[in-house]
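Visitor: If you scroll down you'll find the structure; I have some questions about it.
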Amino acid sequence: SAAFTVGLLHSLHAIKSEMASKRTLALEAMEVDQDIVKETVGCQDFIAASFGGLNRMDFGGDRADFTVTPIPLDKDRLKEFGQYQMLFFTGISRHASEIAAKQVAKIGENGTILELMAAMVTVGQELLMAGRFCDFGLLLEDAWRLKRCLGASNGKVDTIHDATMRAGALGAKILGAGEGGFMLVLAEPEKQTEIRAALRDLLYVPFEFEAQGSQIVYYSED
């Protein structure tokens, strides 16, 4: 939904012959989904869709108070990191806003878990910059264990995750609010055939990093 909203706003600006900055697109998309549509969603997806690239995002108290810091990986190392990643659709569709609302309601009691997850950001950044992708996969698994404590899983997701790990993955976690959607898997390239076989009933989605973020790829005055 964030990518759709960002793309729609970008197109509307183009129709009006306006150049919108990446920050503007992100903030306007947040306003649409959070204030107008009244969805309970975070801010990171709008920033990812607007800015593109592999970044660290830091947030302040206000949603406009955010910084985006590119993680400097050269072309070859970024390509290598991409070769460790796999994406599967769990087959479970859900309303992410409803799940996120339940998690937001429990922020107070889950403060310690959230602090631990936030501390992982700097560790993960350092591992990526050092090219330690196996260790990053193990960190991803640690992050999933914490996220699972927030209510992001269910029986089917647990089954998929456990099958992935038995097949040799370094780590796996559900993206977004949880309880369904897509699962990101980190695995050494030589283990991926076995993992795909273990998850053969799921849709495998090849992907690559996109460096530019939302773009106008076609424009005609007509």
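The values are calculated or read from the model by the stated rules, or taken from the named source; none is laboratory data. Keep in mind that this is a model prediction, so the values were computed, not measured. Backbone-built Cβ (ideal geometry, glycine too); neighbour counts: all protein chains shown. Remember, those area values only see protein heavy atoms, side chains included, never the ligands or the DNA or RNA. Shrake-Rupley method; radii C 1.70, N 1.55, O 1.52, S 1.80 Å.
Visitor: Here are LYS147, LYS102: which of them is assigned to a helix (DSSP H, G or I), at pLDDT below 95 and open to solvent by 50 Å² or more (accessible area, probe 1.4 Å)?
Guide: Going through LYS147, LYS102 in turn, just one is assigned to a helix (DSSP H, G or I), at pLDDT below 95 and open to solvent by 50 Å² or more (accessible area, probe 1.4 Å): LYS102.
Yes/no matrix, rows are residues, columns are (1) at positive phi; (2) at pLDDT below 95; (3) under 17 Å from the mean Cα position of the chain (by Cα):
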residue: ALA14; (1), (2), (3): no, yes, no
residue: LYS22; (1), (2), (3): no, no, no
residue: LEU25; (1), (2), (3): no, no, no
residue: VAL37; (1), (2), (3): no, yes, no
residue: THR40; (1), (2), (3): no, yes, yes
residue: PHE51; (1), (2), (3): no, no, yes
residue: PHE88; (1), (2), (3): no, no, yes
residue: ALA96; (1), (2), (3): no, yes, yes
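Visitor: Give just the number: which of (1) charged (D, E, K, R); (2) under 26 Å from PHE182 (Cα atoms); (3) open to solvent by 40 Å² or more (accessible area, probe 1.4 Å); (4) touching a helix residue (DSSP H, G or I) at 6+ places or on another chain (Cβ under 8 Å) does ARG23 not satisfy?
Guide: (2)
For every residue, the table says whether it meets (1) crowded, with 16+ Cβ neighbours inside 10 Å; (2) over 22 Å from GLN83 (Cβ atoms); (3) at pLDDT 90 or above.
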{"position": "LEU140", "(1), (2), (3)": "yes, no, yes"}
{"position": "ASP158", "(1), (2), (3)": "no, yes, yes"}
{"position": "ALA163", "(1), (2), (3)": "yes, no, yes"}
{"position": "ALA172", "(1), (2), (3)": "yes, no, yes"}
{"position": "PRO189", "(1), (2), (3)": "no, no, yes"}
{"position": "ILE195", "(1), (2), (3)": "yes, no, yes"}
{"position": "LEU199", "(1), (2), (3)": "yes, no, yes"}
{"position": "PRO206", "(1), (2), (3)": "no, no, yes"}
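Visitor: Limited to the range 61-84, what total is found for residues that are more than 13 Å from ALA26 (Cβ to Cβ), open to solvent by less than 40 Å² (accessible area, probe 1.4 Å) and not hydroxyl-bearing (Ser, Thr, Tyr)?
Guide: Total meeting the criteria: 4.
Visitor: Of the residues that sit in the range 174-187 and are open to solvent by 10 Å² or more (accessible area, probe 1.4 Å) and aliphatic (A, V, I, L, M), which one is farthest from VAL41 (Cα to Cα)?
Guide: LEU184
Visitor: Within the range 1-34, track down each residue that is among the small types (Gly, Ala, Ser) and assigned to a helix (DSSP H, G or I).
Guide: Selection gives ALA2, ALA3, GLY7, SER11, ALA14, ALA26, ALA29.
Visitor: Right, here's the next one. Does GLY213 fit the bill of being in a loop (DSSP other than H, G, I, E, B), open to solvent by less than 80 Å² (accessible area, probe 1.4 Å), at positive phi and at pLDDT 90 or above?
Guide: Against the criterion (in a loop (DSSP other than H, G, I, E, B), open to solvent by less than 80 Å² (accessible area, probe 1.4 Å), at positive phi and at pLDDT 90 or above), GLY213 qualifies.
Visitor: Looking at (1) within 19 Å of ASP74 (Cα to Cα); (2) open to solvent by 30 Å² or more (accessible area, probe 1.4 Å), which is the one condition that is false for LEU127?
Guide: All conditions are met except number (2).
Visitor: Inside the range 35-55, can you point out the residues that are open to solvent by 30 Å² or more (accessible area, probe 1.4 Å), part of a helix (DSSP H, G or I), in contact (Cβ under 8 Å) with a residue 12 or more places away in the chain and of a type in the set (A, V, I, L, M, F, W, C)?
Guide: ALA48, PHE51
Visitor: Pairs, please: C-beta under 9 Å, at least 6 apart or cross-chain, first residue under 10 Å from GLY180 (Cα atoms) and in the range 153-167, second β-branched (Val, Ile, Thr) and open to solvent by less than 50 Å² (accessible area, probe 1.4 Å)?
Guide: Close Cβ pairs satisfying both conditions: SER153/ILE174; ASN154/ILE92; LYS156/THR90; LYS156/ILE92; VAL157/THR90; VAL157/ILE92; VAL157/ILE174.
Visitor: Let me ask something else about it. For the range 72-90, what are the residues that are under 21 Å from GLY176 (Cα atoms) and of a type outside the set (Phe, Trp, Tyr)?
Guide: GLY82, GLN85, MET86, LEU87, THR90
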